[in-house]
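Colleague: Got a structure for you, written out below as structure tokens; questions coming shortly.
No value in this document is a laboratory result; all are computed from the given coordinates. Note that the coordinates shown come from a computational prediction; the quantities given were computed from them, not determined experimentally. Glycine gets a Cβ as well: all are built from the backbone with ideal geometry, and neighbour counts include every protein chain shown.
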Amino acid sequence: MHLPGIPLLSSDLLQECIPAVPERQRLTPSQVELFDHLPKQRLAAGPAQAAAAIQAYAGAVTEDRRELIISHGNLINWFVAQALDAPNQAWLRMLDYSCALTVILYFPDRTRLICYNDMGHLPPSMRGTEYPLEARI
């Protein structure tokens, strides 16, 4: 990415993680299988990382700032779920596409989800190729 005059910063907080592990009865069989095969250490570390990412990038707004955050689907879904005050398991219900855009505005008194998973900038042949045809839009 080339954005002249804009600093490019890296953050471990934006790496892929498992932001929350819902109660087993809220999981689908495939989700249970996924979580059962993930290392326990990874499952335990995810919620703290996700909380720190929210604090760093979506905490209380005290100044006018614009940030472009490039991250992974689970964490983006977590940001969206938190912006909507959705239950902790909501991040698992979202289907995130590679290279899609999500815009969230944070104000001192409210949060607004402007768009989620927008792929209008991609040609149709590149939209959702990581998913089976029935899951593509």
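Colleague: Scan segment 85-103 for residues that are surrounded by fewer than 15 Cβ atoms within 10 Å (Cβ to Cβ) and within 23 Å of A135 (Cα to Cα) and jot them down.
Modeller: Initially, segment 85-103 is screened for residues surrounded by fewer than 15 Cβ atoms within 10 Å (Cβ to Cβ), giving 85, 87, 93, 95, 98-99, 103.
R93, L95, S98, C99, V103 - these are the residues of segment 85-103 that are surrounded by fewer than 15 Cβ atoms within 10 Å (Cβ to Cβ) and within 23 Å of A135 (Cα to Cα).
Colleague: Turning to a different aspect of this structure: Quick test for you: out of Y97, Y57, pick the one residue that is outside any loop (DSSP other than H, G, I, E, B) and aromatic (F, W, Y). It would help to see each step written out before you state the result.
Modeller: On the way: Y97 fails: outside any loop (DSSP other than H, G, I, E, B).
Being outside any loop (DSSP other than H, G, I, E, B) and aromatic (F, W, Y) holds for just one of Y97, Y57, which is Y57.
Colleague: For residues that are outside any helix (DSSP H, G or I) and of a type in the set (A, V, I, L, M, F, W, C), scanning just segment 60-83, find the one that is surrounded by the most Cβ atoms within 10 Å (Cβ to Cβ).
Modeller: Step one: of segment 60-83, the residues outside any helix (DSSP H, G or I) are 60-72.
Now restrict to residues that are of a type in the set (A, V, I, L, M, F, W, C): 60-61, 68-70.
Numbers: A60: 7, V61: 14, L68: 10, I69: 16, I70: 10.
Looking at residues that are outside any helix (DSSP H, G or I) and of a type in the set (A, V, I, L, M, F, W, C), I get I69.
Colleague: State all residues of segment 26-38 that are outside any helix (DSSP H, G or I) and either among the aromatic types (F, W, Y) or within 15 Å of N74 (Cβ to Cβ) (or both); if no residue qualifies, say none.
Modeller: L27, L38
Colleague: On to the next question. Quick check on my filter: what residues within segment 100-119 are in contact (Cβ under 8 Å) with a residue 40 or more places away in the chain, among the hydrophobic types (A, V, I, L, M, F, W, C) and outside any loop (DSSP other than H, G, I, E, B)? If you could, list the steps in order and put the result at the bottom.
Modeller: Looking only at segment 100-119, we keep the residues that are in contact (Cβ under 8 Å) with a residue 40 or more places away in the chain, and these are 104, 106-108, 111.
Of the ones still in play, those that are also among the hydrophobic types (A, V, I, L, M, F, W, C) are 104, 107.
Within segment 100-119, just I104 meets the criteria.
Colleague: Test V21 against the criterion of being among the β-branched types (V, I, T), crowded, with 17+ Cβ neighbours inside 10 Å and farther than 23 Å from G128 by Cβ, and give yes or no. Step through it out loud before you land on a result.
Modeller: Details: among the β-branched types (V, I, T): yes; crowded, with 17+ Cβ neighbours inside 10 Å: yes; farther than 23 Å from G128 by Cβ: yes.
Yes: the conditions hold for V21.
Colleague: I would also like to ask the following. Has segment 40-54 got at least one residue that is in contact (Cβ under 8 Å) with a residue 60 or more places away in the chain, within 27 Å of T111 (Cα to Cα) and aliphatic (A, V, I, L, M)? Write out each step before concluding.
Modeller: Going residue by residue through segment 40-54, those that are in contact (Cβ under 8 Å) with a residue 60 or more places away in the chain are none.
No, segment 40-54 has no match at all.
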